[in-house]
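Would you mind keeping the following structure in view while I ask a few things?
The values are calculated or read from the model by the stated rules, or taken from the named source; none is laboratory data. No experiment lies behind these values; they were computed from the predicted model shown. Cβ: placed from backbone, ideal geometry, glycine included. Neighbour counts: every protein chain shown. Only protein heavy atoms, including side chains, enter the accessible area calculation; ligands, DNA and RNA are left aside. Shrake-Rupley method; radii C 1.70, N 1.55, O 1.52, S 1.80 Å.
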Amino acid sequence: MYITQKVTETVFEDNRPTMSSFYFLGIGGTAMASVAVALSHAGHAVTGSDTQLYPPMSTYLEEHNIRYFKGFSEKNLESVAVDAVIVGNAMSRGNPELEYALEHHFELVSMPDMVRHHLIGQNTSIVVTGTHGKTTTTSLIAWLLEHGGLKPGFLVGGIPENFSVGCRASGRSEDGFFVTEGDEYDTSFFDKRSKFLLYRPDIAIMNNIEFDHADIFDSLEDIKRSFRLFVNLIPRNGSLFVNGDDPVAVDIASRAFCQVERFGLSMESEWSACNIRVDGEASTFDLVYKGTWLTTIRVPLFGTYNIMNTLAAVATATRSGLSLDSITRAMALFKRPKRRMEIVGTYPRHLTLIEDFAHHPTAIRVTLEAIGQLYPGRRIVTCFEPRSNTTTRNIFQQELAECFGPASVVVLGKIHRPERYAPETLLHTGRLREELQQKGKTVFLAGEHSTVYPEDIVEFLQLHVIEGDVIVLLSNGSFGNLKNLLIESFQKKS
């Protein structure tokens, strides 16, 4: 496998070079894969490499004919001709391809830098930030603009169901828009800035701000520092929409040089929601702006947190020039992104399987509350994989004991790659099990006695799932292919 065409122009010679060859080191990352596909569609030659690719990103690359090497080797780079190596933020020194690229003076570019120069360019840049809700809010804004005829470009940290891709260029040659999911995580091994600092915001959304990413941030104050820098990048003719119910976010927004408006459930916010109603298909609420009723919004999302996401999207779409009529019509047609309360399927005995990306205690709590709203009266069985750099450690030991409220049964997966940390810093899953059991929950600690994981979870559920259960998978990774194992199990069960 190789790329046959090589051009001599530099990566940043103009915003849209006619043809370049790019190698994505870490192509299986959600954003990396999405950007790779977008650049391929724009006419560039694209390949890359990674390990441990799993759906939906592995199938996404294959569906868009992106060829990649499985595993890292110097021979991979030796066999291709590239103008630049796009370095994923999970890549670090010691990676054989990275070492080869450094020794042979390859052009190294971070993914956010590539997005800024090749996709955002001179478009109006809309950047969605915050600890939670970024993927759904970014997807919703992109859809509202698309339905309104603005042909936005976008980068979503997932696969938005209203589109066939997670990233694309703007469809307008002038006065275009680009909507970016702005992550606070660092950019690359050679650039430790938060990604969102490279996205040149004109219109920004800042949802709630909590401690996360313990591998790169030491404290909430560290995270707040990055958000302050981000706010300071918004031009005076720009706009910042901030979660009015989050004191941390409001405080950071108070230092902005641009127009600031709040969204929230309190009437003190400029954009607010009241008379919230929920049925089996959607949430409905009255949209209020500065105390004045504007319209009624109906959106196929659930949970208070998704009302907040919707308010942020409405405010942004209005600021972008869309009418309320256009916005309300588009809302009814919105589809949730993959792995955001995604209904995998329904099975015999009236079982429902749902997959969600939630891995922070707050995200777990609000997701389970929303599922409880969607399926009132049905028992919730939750399978949680401690996988992120924060939840694998004991930083949220107490918070995790408090966040599974709506679940009657909790399955705790094995800690992902525990060898990364000292034993005394790891999440104590045994203690977590005891605390959850004290709350009256049935708890299974997977991998404790079985050498077959996660098949032991399948066996446990086969014995304990009852008619009408809603089974929820919570992980920011593959959970050892548990989803497919459960689908097979449920289909066999009659």
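For R67, what accessible surface area do you get with a 1.4 Å probe? Give it in Å², rounded to 10.
Near enough 140 Å² of accessible area.
Sticking with this one: What is the set of long-range amide H partners of V411 at a cut-off below 5 Å, with H atoms built 1.01 Å from backbone N?
T382, C383, F384, F444
Tally the DSSP beta bridges in the chain and give the antiparallel ones as a percent, rounded to 5. Each step should come with its number before you reach the end.
On the way: 23 of 78 bridges.
Rounded to the nearest five, the antiparallel share is 30 percent.
May I pose another question? Return the sequence-ordered ³J(HN,Hα) values of the stretch 256-272 in whole Hz as given by the Karplus equation 6.51 cos²θ - 1.76 cosθ + 1.60 applied to θ = phi - 60°, using x for Gly and Pro.
Per-residue couplings from phi come out as 6, 9, 9, 5, 10, 10, 9, 10, x, 8, 8, 5, 6, 7, 4, 9, 9 Hz.
Keeping every protein chain in place, order T136, T328 by accessible area at 1.4 Å, biggest value first, i.e. largest first.
Details: T136 15, T328 35 Å².
Result of the area sort, largest leading: T328, T136.
Ignoring ligands, DNA and RNA, how do R255, R277 rank by accessible area with a 1.4 Å probe, largest first?
On the way: R255 130, R277 105 Å².
Descending accessible area places them as R255, R277.
Report the gain in length on full extension from H104 to S254: 0.36 nm times residue separation, minus Cα-Cα distance, nm rounded to one decimal.
Values: separation 150, 0.36 × 150 = 54.00 nm, distance 4.71 nm.
Here the answer is 49.3 nm.
Probe 1.4 Å, all protein chains in place: accessible area of W271 in Å², nearest 10?
The accessible area comes out at roughly 10 Å².
Could you tell me whether the stretch 338-494 comes out rounded, prolate or oblate from its Cα gyration tensor? Rule is a ≥ b ≥ c as square roots of the eigenvalues, rounded for a/c under 1.5, then prolate if a/b exceeds b/c, otherwise oblate. Don't skip to the end; give the middle numbers.
Numbers: a/c = 1.63, a/b = 1.38, b/c = 1.19.
The shape class here is prolate.
Using R₀ = 45 Å, calculate the FRET efficiency as 1/(1 + (r/R₀)^6) where r is the Cβ-Cβ separation of N237 and Q52; round to 0.05.
Numbers: r = 44 Å, r/R0 = 0.98.
After rounding to 0.05, the efficiency reads 0.55.
Taking the Cβ-Cβ separation of R93 and K151 as r and a Förster radius of 45 Å, what is the calculated FRET efficiency to the nearest 0.05?
0.65
Expressed in nm to one decimal, what extension gain is obtained for the pair R298 and R379 from 0.36 nm per residue of sequence separation less their Cα-Cα distance? Walk me through the numbers on the way to the answer.
Details: separation 81, 0.36 × 81 = 29.16 nm, distance 2.65 nm.
Contour length minus the Cα-Cα distance gives 26.5 nm.
Using a 1.4 angstrom probe with every protein chain in place, what is the largest-first accessible-area order of C167, C274?
Numbers: C167 0, C274 40 Å².
Largest to smallest exposure gives the sequence C274, C167.
Could you give me the ³J(HN,Hα) list for the stretch 457-473, computed from phi with Karplus coefficients 6.51, -1.76, 1.60 and θ = phi - 60°, whole Hz, x at Gly and Pro?
Running phi through 6.51 cos²θ - 1.76 cosθ + 1.60 with θ = phi - 60° gives 5, 4, 4, 4, 5, 4, 8, 10, 6, 10, 4, x, 5, 10, 9, 10, 9 Hz.
Hey, another quick one. Which far-off residues, 5 or more places away or on another chain, put their amide H under 5 Å from the one on R262, with H placed in the peptide plane?
Correct list: V242, E270, W271.
Across the stretch 95-107, in residue order, what do the Karplus-derived ³J(HN,Hα) couplings come to in whole Hz, using 6.51 cos²θ - 1.76 cosθ + 1.60 with θ = phi - 60° and x for Gly and Pro?
5, x, 6, 5, 5, 5, 5, 5, 5, 9, 6, 5, 6
How much solvent-accessible surface does D222 expose, in Å² to the nearest 10, with a 1.4 Å probe and all protein chains in place?
Only protein atoms counted, so the area is about 40 Å².
Further question on the same structure: Could you calculate the FRET efficiency of A332 with R193 from 1/(1 + (r/R0)^6), where r is the beta carbon distance between them and R0 is 45 Å, rounded to 0.05? Each step should come with its number before you reach the end.
Working: r = 39 Å, r/R0 = 0.87.
Step by step, r from the Cβ atoms, then E = 0.70.
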